[in-house]
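Have a look at the structure that comes next, please.
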Amino acid sequence: MAKRKYKRKPVKKSTTRKRPVRKTAKTKGPRLGYYLLAGLFVIFVMWLLIRNPVPAPQELEERVAHKREKIKERYEAVAKAAKRSKQEEQDEEIELIVHQKPEKEEGPSLVHEGESEIDLVIRRTADEIGVPVSAVRRRKRDERVSFSIPIDRSQMDLTYANMIFKGKMEMNAAKFVKGQDSRTKQSLLFSHKNTSDQYEIDLYYDNKLYQKKASEKTITIVIDDFGDIGGKLLEGFFALDPEVCFAIFPDAPYTDQTVRLANRQGRDYIIHVPMEPIGYPKVNPGKNAILAQHNEAQVRKILGGHLAKMPQSLGINNHMGSLATSDPQLMQSVINVLKDHDKLFLDSRTTNVSVAYQTAQKSSIKAFRNDLFLDSPNISQSTMNSKLSQINRLADSKRHVIAITHCHSQEKLDYLKEIIRKLKSAGFTLIPLSELDQRNIPEII
């Protein structure tokens, strides 16, 4: 069967015009600006990493711990300040009688026309030990300048005065040449590099000159064992005459409060330093005591710590210490520390064989010694009468008396008040410990 052939129909051309197709140009790659921006971004990120490197985990822990420590310190500081503020409010409840010390009046001039600096040193030293300015005699013959200086026998002996003048002259570059000594007179001869003149100082006793002065009777009272009492009893003692000196334990419950109140009131105080007694350790002087077995390094550590706690104290006296104060080597160690800190020593004299006062004098520091305990053996009326009689007898020969008592109870406070009242009625004047060197009690160089 034959296949049919189909004719393909011719295609009619469209009469409508086709729109031209727009071809979009293909970009060959990113534009140059993108590269620049990307490069700047990378540089910025690298700069940040270099400037603030990412800390290692251990370093992060250390930083966190440091911040926690800072927060803790701030918290503790705030808490401590709040506690201190509360303590100060309690302190203010204690009524304080603030003593305004009168200014020292100017005396006659020590400067004389035509005299040298060495002349002024001699005159000033005489004035410091209580010699009236008008009683000092000066004469010059050839190349020797001679000073005649009368000494009050009731205040010091000639050897003591000799030591003071010699020390003052040497401090001012004078050279000691020679000395002469007799029972009633001592002579010192000095030279100086700035002058061809030699200076002679003649020291002698003159009782007539000081007879009028002997009518004045003075006493210094020191109260031991502060630091163990507070409250109303402490308030009562702070109401005493401001001339009364307090001796404060360095390590006691009320030490800080008592020191703070004494500073605020302007009252003299010293450190009541525990020292080894005979019978130790059965008889215990207390915490951080100076013992006979201690060497100078140990003494320096203990005593230096006490002085650091009370930097405004005048110095120290001994609590107990009957064994310690009889040991010359130990006392020399104590005095060396006091000299370094420019502090005085008051020998409580808990033993008759104490060498503390003599050791202090030899080392040229300011030193004093107790004459009697007011409350020993008790605080009865008969004891009071006995002590008042003893003070009057001492005043006849010494003119200035130093007495120690204690602050243990209200009864002792009342006892002391009555003693002070009777002393004033008998013509005694209370003198602060800090002013003894201004009352013809010389300050050792």
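Laboratory data are not the source of any read-out in this text; all were calculated from the coordinates shown. Note that the coordinates shown come from a computational prediction; the quantities given were computed from them, not determined experimentally. So basically every Cβ, Gly included, is an ideal-geometry build from the backbone, and we count neighbours across all protein chains shown.
Would you please state the base-10 log of I(q)/I(0) at q = 0.16, 0.17, 0.23, 0.27 1/Å for region 274-325, with intensities from the Debye formula using one equal scatterer on every alpha carbon?
So the normalised log intensities work out to -0.45, -0.51, -0.87, -1.09.
List the residues, sorted by chain then number, that are 5 or more residues from A292 or on another chain and whose placed amide H is less than 5 Å from its amide H.
E276
Over the Cα atoms, compute the radius of gyration (one decimal) and Dmax (the largest Cα-Cα distance, rounded to a whole number) for region 351-427, in Å.
14.3, 41
At a temperature of 4 °C and a viscosity of 1.567 mPa s, determine how fast region 216-438 diffuses translationally according to Stokes-Einstein, using the Kirkwood radius over alpha-carbon pairs as Rh; express D in µm²/s, rounded to the nearest whole number.
Translational D for this selection: 73 µm²/s.
Which is farthest toward the positive dipole end of region 216-438 among V337, I248, T429, measuring Cα position about the Cα centre, with Cβ charges +1 (Lys, Arg) and -1 (Asp, Glu)?
So the residue furthest toward the plus end is T429.
I've got another one for you. Pairs of lysines 8 or more apart, or on different chains, with alpha carbons under 22 Å: count those in region 321-445, would you?
Count of close lysine pairs: 15.
Then there's this: Restricting to region 117-205, what percent of DSSP beta bridges are antiparallel, rounded to 5?
70
Under 5 Å between amide H atoms, partner at least 5 residues away or on a different chain: which partners does D251 have, H built in plane at 1.01 Å?
It is none; the list stays empty.
Further, regarding this structure: What net charge is computed for the residues neighbouring Q410, neighbours being all others with C-beta under 15 Å from the C-beta of Q410, Lys and Arg scored +1, Asp and Glu -1?
Neighbourhood net charge equals -4.
List the GluC sites (Glu not before Pro) within region 142-200 that fall in a DSSP loop (any state other than H, G, I, E or B) and whose Cβ has at most 13 other Cβ atoms within 10 Å.
For GluC sites (Glu not before Pro) across region 142-200 that sit outside H, G, I, E and B with at most 13 neighbouring Cβ atoms in 10 Å, the list reads E143.
Continuing with this model, one more query. Can you sort R141, R123 by how many other beta carbons sit within 10 Å, fewest first?
Lowest to highest Cβ neighbour count: R141, R123.
Pairs of lysine in region 137-268 with Cα under 28 Å and at least 8 positions apart or on different chains: total?
Taking the Cα cut-off of 28 Å, the pair count is 27.
Further, regarding this structure: How high is the relative contact order of region 216-438? Use alpha-carbon pairs under 8 Å, at least six apart in sequence, and give a whole percent.
After rounding, I find 26 percent.
Which value in nm describes the separation of the simple spin-label points at K185 and K398, placed 7 Å from the Cα toward the beta carbon?
Each label point lies 7 Å from its Cα, and together they span 3.2 nm.
Along its principal axes, what span do the Cα atoms of region 117-205 show, with the longest given first and each in whole Å?
Result for region 117-205: principal-axis Cα extents of 36, 25, 25 Å.
Give the Debye-formula value of log10 I(q)/I(0) at each listed q (0.16, 0.19 Å⁻¹), with one equal scatterer per alpha carbon of region 287-387, two decimals each.
-0.68, -0.90
Relative contact order of region 117-205, please, whole-number percent, based on alpha carbon pairs below 8 angstrom and at least 6 residues apart.
30
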